[in-house]
1. For Asn266 and Thr166, calculate 0.36 nm times their separation in residues minus their Cα-Cα distance, and state this gained length in nm to one decimal.
2. Normalised by the empirical 2.2 N^0.38 Å for globular proteins, what value does the Cα Rg of segment 314-374 take?
3. With a 10 Å radius around each residue's Cβ, average the other Cβ atoms per peptide and rank 358-369, 131-142, 159-170, highest first.
4. Below 19 Å, Cα to Cα, which lysines can Lys122 reach? Residues fewer than 8 away in the same chain don't count.
5. At a 10 angstrom cut-off on C-beta neighbours, averaged per residue, how do the peptides 295-305, 112-122, 41-51 rank from highest to lowest?
Amino acid sequence: MVIAFLLVIDIILPFILSYSSKNSAYGVKAKNVFENNFRFGEMVDKIVLDAFIYHIKKQDGYKIVFIGDSVIAGATVKNDSDTIPAFFKELASHKFAGKNIRVYNLGMPGNRPSDIYFTLKKLYMSKAADLIIMNINYAFYSDELLNEKTIARPDNFADITEYDSTVKLGLKIPFIENWIKNNVLNRWALYNSREELSFYLFGNNPREELTSFDLAKFKTNKENPLYSPRVNLNNNPDKNWQQNKPFPDKKLKHWEKALNIKEMNNSNISYWFLQKTISLIKQNNTKTVAFFTPINKDLVKEYNLITDIGLYNSNHKIMKTDLSASGIRFFDYTDSIKTDYFCELFHMCAPGNEQLAFAILKDVKNIITEDIGQ
């Protein structure tokens, strides 16, 4: 009887989710927001992440999804329309006029390569995207950032984290909980979709809201179910890096440590996840391309941030060789953006994001053309 009930639930659940997403107040608002250059802030909630991916899956047209860190998210621009994915969307809509091109921003501030791997895995499992574009940020392979955290948002990916990843990341999952997750919960569609359902029914995470006892906050979030505080790494997003000087010594030291990385090998957790990402891409049919994040070479030179240029170049070569050997398409934009368009080291102002979006579209237009037949 129980098995029969679960089978029935598995069959009807997609219809429940579809109806909820289209007809609930939160579902209607979600569609409007998700289709309007939505971007995550620091507090990326798993409910909203999963609902966003579910939303993408249900849309028609040719769907392009950007994943990555704060560079993709657009951490140093004020407007949602000034991010790399937003500019790409505008440019692609003109380039492929008359075609239904949809572009989504799944970049998350602070994402490590582990977070990007799991985001990619979620997208593959959902079959939501036609083309995925991901960035590779050299800084997140440094001890400086890996010592802070090996994964930025483990809770967002707890349902798809493999045992070897759990061990590598230093996460602790009790044996019983792990067994239940692998043998019961992951096989039960209703449990896996509970958060999407709660999103469409209640807007935000009801458990968090109801345990806060903050009715004012609850009402605010009911009005804005997609509330996710923005992150802004720069106090003056309209100014470029020259105008934002002087930079604090602490920030400069941090950048120096982020750029000076030991020889790249599997003892580096981020490099280990790059290998897993490469393997994952090869195993799936969804077209996926990667690009190396631009860097402000003039800022690097002015403050002598790279102390061993030979090692820096060697590490880049190792990563490129791995990608090339796997047949994965990638583009190196390390020195491609005009330095006046940077707000600081990695993050660009709006003109830099637009320039990069133009470069990406130029490099992937043939892929899109092949897929949509223009």
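1. Full extension from Asn266 to Thr166 adds 34.4 nm.
2. So the Cα radius of gyration is 1.37 times the expected 2.2 N^0.38 Å.
3. 131-142, 358-369, 159-170
4. Result set, ordered by chain and number: Lys46, Lys57, Lys58, Lys63, Lys181, Lys276, Lys282, Lys287.
5. So the peptides 295-305, 112-122, 41-51, ranked by packing, come out 112-122, 41-51, 295-305.
Every read-out reported here was derived from the displayed coordinates using simple, explicitly stated rules and does not represent laboratory data. Being a predicted model, the structure only gives us computed values, none of them experimental. In this analysis, Cβ positions are derived from the backbone assuming ideal geometry, glycine residues included, and neighbour counts consider all displayed protein chains.
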